[in-house]
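Just so you know, all these numbers are worked out from the coordinates, no wet-lab data involved. Not measured: the values here are computed from a predicted model. Every residue, glycine as well, gets a Cβ built from its backbone with ideal geometry; the counts of neighbours run over all protein chains shown.
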Amino acid sequence: MKKTFNHIFKHIFNHIFLFFLMLNISHIDITNIALAKTSSVETTSSDSSIPLQISIVPLENTTSYFTQNKKIHILSEYVVTNLDRKPIQINSITLSTTLKNKTLSKEGFNSDKIKSLFSLLGGDYLKDQNPALNVGESGIIFLESIVSYEKQIPDKLHSIFSITQNETNKTITIRPESISISKSKPITISSPVKGKNWVSVNGPSNKSLHRRIISTNNGKITIPEKYAVDWVKIDDKRDNLYKNNGQTNDDFFSYGQEVMAVADGKVVVVKNGIPDNDISNEKVSTEINQNNVSGNYISIKIGKDLYANYSHLREGTLRVKMNDKVHKGQVIGLLGNSGNSTAPHLHFQLSSSSDIFNSKAIAYQINKFIKHEYALDVTKKVKVISSNKITKESVVENEIIDF
Ligand SMILES: [Zn+2]
């Protein structure tokens with residue numbers, strides 16, 4: 001678990017930094033990934049009698065998806081292991097979706113693009129890396145397919161990898177097992193917070209911190225926070241997280257905001273008694289361990305193998321107890337800064353279990369909200385371009401939302 005905690009530690013420490021990073025760079029439009037032309041990927045070996053020994057396995061055989069602007073986003077991952085006797089290089093990947101064998105989308109990634117999608121296992125999952133594997137090494141590829149839908153949802157995701165053995169230039173094409181796309185739509189919930197100007201920091205995307213937190217569950221590699229959001233509230237001018245100098249939790253607009261049940265359900269975990277962290281010294285109030293990493297914590301069972309999990313709540317504010325039946329919209333506690341967190345925020349996600357790190361992440365939609373489309377002006381301030389009422393869609397990374 002140590003590795004997992006290191007990643008969480010890093011991810012929480014980056015919260016404030018990330019938000020300001022967001023204000024200082026153009027909003028990255030992940031739909032703008034240009035189609036890369038893939039070269040011919042047939043074998044060019046001079047000695048075709050000895051095939052390269054490469055394993056490419058999807059992390060999950062079945063995946064769900066999230067939705068945005070009438071498009072579906074399918075996140076997938078493949079673990080590549082070099083079982084060959086020489087180093088190898090991933091040249092290109094082609095990703096396609098089909099419905100009943102009819103192609104709905106196709107996208108290519110050249111080796112330059114793959115740099116931001118690849119990491120050696122155990123490496124820095126957020127840093128761009130050359131997609132190369134020495135003998136015996138394993139790496140993971142993080143992919144996203146975005147498919148426009150007009151009632152057509154693909155049922156399969158396919159990939160084609162072109163891989164070269166560095167020394168001999170022997171190149172092979174591998175078609176890993178296809179991934180089934182869940183037939184059912186993402187579950188719809190109500191919002192976990194309410195009011196204006198909430199930012200979905202680290203929300204679903206292919207590059208968010210949550211997306212790149214790798215854990216293991218009973219020997220299986222998982223990405224348990226894939227669809228999680230760190231909700232933070234900003235001011236009405238939409239340019240600050242806090243008033244005064246931001247040296248106390250109370251300075252933060254998020255701190256003490258009401259946190260709600262997102263669906264009817266039953267409370268299955270309540271963890272309280274962890275002091276909120278002192279924002280001024282950026283140190284956590286208690287040594288972080290497996291029991292307090294999520295801080296004051298509530299898990300609500302809202303369906304079969306379906307749990308709404310709320311982390312970092314404010315000490316002493318939890319309004320539910322074990323086995324309570326709660327209804328959608330009921331206030332269950334207040335937003336805080338407990339556990340492995342250095343700024344007040346609500347880490348919220350749906351999972352297949354009440355234990356985040358031993359569960360599968362579940363994609364979801366929110367029943368209604370107002371989304372503020374924005375750009376950054378020359379002084380790097382948020383300038384809202386339009387505000388639109390949205391029903392039954394997912395919230396993705398770094399959106400500004402009113403509930
Ligand atoms: Zn988080």
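Determine, from the Cβ-Cβ distance of VAL268 and ASN218 and an R0 of 22 Å, the FRET efficiency 1/(1 + (r/R0)^6), rounded to the nearest 0.05. My answer for the efficiency is 0.65. Helix 2-13 axis versus longest C-alpha principal axis of the chain: approximately 60°, rounded to the nearest ten.
Going 7 Å from the Cα of LYS100 in the Cα-to-Cβ direction, what parts of region 142-157 have a backbone nitrogen less than 14 Å from that spot? Answer for region 142-157: 152-156.
Dipole orientation for the chain: of the candidates LEU350, SER205, ASN218, LEU350 has the Cα lying most toward the positive pole (charges on Cβ; Lys, Arg +1; Asp, Glu -1).
In this simple spin-label approximation, ASP250 and GLN330 carry label points 7 Å from Cα along the Cα→Cβ vector, and these lie 3.1 nm apart. Residues of region 195-232 falling in the label zone of THR62, defined by backbone nitrogen less than 20 Å from a point 7 Å along Cα to beta-carbon, are 217-218, 220-227. Sorting THR164, THR188, THR62 by the number of Cβ atoms found within 10 Å of their own Cβ, with the fewest placed first, yields THR62, THR188, THR164. Ranking GLY136, PRO176, LEU104 by Cα position along the charge dipole of region 33-181, where only Lys, Arg, Asp and Glu carry charges on their C-beta atoms, puts LEU104 farthest toward the positive end. A full extension of the chain between VAL384 and ASN169 corresponds to an added length of 72.3 nm, given 0.36 nm per residue minus the alpha carbon distance. For region 333-395, the dipole from Cβ point charges (+1 on Lys and Arg, -1 on Asp and Glu) about the Cα centre works out to 240 debye, to the nearest 20.
Rounded to the nearest 500, the 222 nm mean residue ellipticity of the chain from helices alone is -2000 deg cm²/dmol, with -39,500 (n - 2.57) taken per DSSP H run of at least 4 residues. Which FRET efficiency value, to the nearest 0.05, do you get for ASP402 and ILE50 by plugging their Cβ-Cβ distance into 1/(1 + (r/R0)^6) with R0 = 60 Å? E(calc), rounded to 0.05, equals 0.50. Each of ASP155, ASP236 has some number of other Cβ atoms within 10 Å of its Cβ, and from fewest to most they run ASP236, ASP155.
Do the alpha carbons of any pairs in LYS71/LYS381; LYS151/LYS183; LYS70/LYS226; LYS220/LYS392 sit beyond 23 Å of each other, and which pairs? The answer is LYS71/LYS381; LYS220/LYS392. Between helix 15-24 and the chain, what is the angle of the helix's C-alpha long axis to the longest principal axis, kept within 0 to 90° and rounded to the nearest 10? Once rounded, one gets 70 degrees.
Among ARG212, ARG319, the order by Cβ neighbours within 10 angstrom, fewest to most, reads ARG319, ARG212.
Since only THR164, TRP231, GLN152 are under comparison, the one whose Cα sits farthest along the positive direction of the charge dipole of region 81-233, derived from C-beta charges on Lys, Arg, Asp and Glu, is GLN152. Note on ASP305/LYS115: beta-carbon distance plugged into 1/(1 + (r/R0)^6) with R0 of 51 Å gives a FRET efficiency of 0.90.
Each Lys and Arg Cβ is given +1 and each Asp and Glu Cβ -1; about its Cα centre, region 33-181 then shows a dipole of about 480 debye. Between region 327-355 and region 99-117, how far is it from one alpha carbon centroid to the other, in angstrom? Cα centroid to Cα centroid, the span is 35 Å.
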